[in-house]
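The values are calculated or read from the model by the stated rules, or taken from the named source; none is laboratory data. Owing to the predicted nature of the structure, the values given are computational and were not obtained by experimental measurement. Note that each Cβ is placed from the backbone with ideal geometry, even for glycine, and that neighbours are counted across all protein chains shown. With ligands, DNA and RNA removed, areas are computed over all heavy atoms of the protein, side chains included. Shrake-Rupley method; radii C 1.70, N 1.55, O 1.52, S 1.80 Å.
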Amino acid sequence: MNFGPIGRRVEALRRLMTERGCFSFVLPVIERANWESLYYLSGFRGTSGAAVVTSTETFLVTDGRYLAQARRQSPFEVLEQRGGRLSEALAALLRRLSPRNVGLEWDRVTHGTYLSFESLGYPLVDVSSLLPRLRRRKDETEIPLIRGAAERAALAFRRTLAKAGEGMTEREFAALLEFEIRSAGAEGGWGTSDFIVASGSRSALPHGRPTDRVFLRGDWVTVDFGARYGDYLSDITRNFTVGPADPWLLEIHGLVTCAHDRAAALLVPGVPCRDVDRAARSVIEEGGYGEAFPHGLGHGLGLEVHEAPRLSPRFDDILEVGDVVTVEPGIYVEGRGGVRLEDDYVITETGAICLTEKLEARLFEV
């Protein structure tokens, strides 16, 4: 099969399957769950279907709603799910193929789906690590889409700031930002979760969902947002003030900026992700706010907001060429407020390139 990135991904998956002793790989998607991996592997963007990959064949099973779309989007052989459940159509295909075993992503399928495959009598192999391993290294088709998502999000943020001010609510700001993201040419925001818009003392909530709280003069607001473009995502955090900035805010924003820059300088292949986290964390600790930085420094980014690798003291990942990661140090003081500064970077042979550079990493004012 020679269909550009899809063909290369399938061949890479087959090599990993051989290493794992897996003779067939089945990737089911039921009502959107895990559509990202199915799209990555097959090119099919529907919300129900399954890919089946063996050492020599590739199949895409879906129902009548998606047949034309599947044939247009995917180089796989498309089979129709003729009534009944998707699991029944897959069972019929597997009986025809008679594989020695069946590989499933155990951490992605429901218990019911697992049991339906177990009942077929084939040994089941856990291959949960294979696609995350492949999806981690972004190729020449993926990086421009992530950059495009970042550029559209940056444009939308500036347009939203131009209309923001005292009296607007967090929820109104989030809704306007989503509108501007679509107006800028993106498919929308993250889709799976709300943007974070946290103002005043609520900015001390790292995951503060927008509420009806009104922006007041003297407030500062933390906004964690992104766009989806060509199905790939950006993830950015910026902060703005309503009127002149509080001196304490300037202090902690400067500290977070220093921590961010210190970590970004270490984004090169071969560096342990925990060392990057440590570099940022040490700056915040030296500034007296070590206990106020409660989360990991960053995470992988692509078709999903959170992918491998993790920049955290709790993980052993090593930076590799092709990784796209966020760097997002923060300081959060309950009852007073907080800030976070987040950008997206791609790891190259010679270092990191910032994909979110179109939006200045500064404290904005409205």
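Observations
- Cβ-Cβ under 6 Å pairs, at least 6 apart or on other chains, segment 226-254 side hydrophobic (A, V, I, L, M, F, W, C), far side in a helix (DSSP H, G or I): ALA227/ALA149; ALA227/ARG152; ALA227/ALA153; ALA227/ILE181; LEU233/ALA149; ILE236/ALA153
- Sole exception among (1) touching a residue at least 60 places away in the same chain (Cβ under 8 Å); (2) surrounded by 24 or more Cβ atoms within 10 Å (Cβ to Cβ); (3) over 22 Å from ARG152 (Cα atoms); (4) of a type outside the set (Ser, Thr, Tyr) for LEU311, by number: (1)
- For segment 48-62, a tally of residues being open to solvent by less than 20 Å² (accessible area, probe 1.4 Å) and either small (Gly, Ala, Ser) or without any contact (Cβ under 8 Å) to a residue 40 or more places away in the chain (or both) returns 8.
- Matching residues in segment 80-109 - criterion: being free of Cβ contacts under 8 Å to residues at least 40 places away in the same chain and open to solvent by less than 40 Å² (accessible area, probe 1.4 Å): GLN81, ALA89, ALA91
- Meets criteria (outside any strand (DSSP E or B) and not β-branched (Val, Ile, Thr)) for PHE364: no
- Qualifying residue in segment 216-235 (condition: open to solvent by 30 Å² or more (accessible area, probe 1.4 Å) and in contact with a strand residue (DSSP E or B) (Cβ under 9 Å, 6 or more places away or on another chain)): yes
- Scanning segment 30-46 for residues that are farther than 15 Å from ARG71 by Cα and either open to solvent by less than 20 Å² (accessible area, probe 1.4 Å) or hydrophobic (A, V, I, L, M, F, W, C) (or both) gives ILE30, ALA33, ASN34, TRP35, GLU36, SER37, TYR40.
- Candidates ALA280, ALA263, ALA259: the one that is over 22 Å from the mean Cα position of the chain (by Cα), crowded, with 18+ Cβ neighbours inside 10 Å and of a type in the set (Gly, Ala, Ser) is ALA259.
- Of all residues in segment 7-28, exactly one satisfies the criterion of being open to solvent by 30 Å² or more (accessible area, probe 1.4 Å), within 25 Å of the chain's Cα centre (by Cα) and either in contact (Cβ under 8 Å) with a residue 60 or more places away in the chain or under 18 Å from TYR122 (Cβ atoms) (or both), namely ARG8.
- Selection over segment 161-183 of residues that are more than 23 Å from the chain's Cα centre (by Cα) and open to solvent by less than 60 Å² (accessible area, probe 1.4 Å) gives a count of 7.
- Residue count for segment 236-248, restricted to those that are buried (at least 21 other Cβ atoms within 10 Å of the Cβ) and of a type in the set (A, V, I, L, M, F, W, C): 3
- Of all residue pairs spaced 6 or more apart or on separate chains, those with beta-carbon atoms under 8 Å, a first member in segment 278-299 that is over 15 Å from ASP261 (Cβ atoms) and a second member that is open to solvent by 60 Å² or more (accessible area, probe 1.4 Å) and of a type in the set (Lys, Arg) are GLY296/ARG310; GLY296/ARG314; HIS299/ARG310.
- Lone qualifier among ALA186, ALA198, ALA153 - being assigned to a helix (DSSP H, G or I) and surrounded by 15 or more Cβ atoms within 10 Å (Cβ to Cβ): ALA153
- Residue that is farthest from ASP316 (Cα to Cα), among those in segment 240-273 that are outside any loop (DSSP other than H, G, I, E, B) and charged (D, E, K, R): GLU251
- Taking the criterion of being of a type outside the set (A, V, I, L, M, F, W, C) and under 19 Å from LEU97 (Cα atoms), the residues of segment 21-48 that qualify are GLY21, SER24, PRO28.
- Filtering segment 331-351 to residues that are open to solvent by 40 Å² or more (accessible area, probe 1.4 Å) and within 22 Å of PRO144 (Cβ to Cβ) leaves GLU349, THR350.
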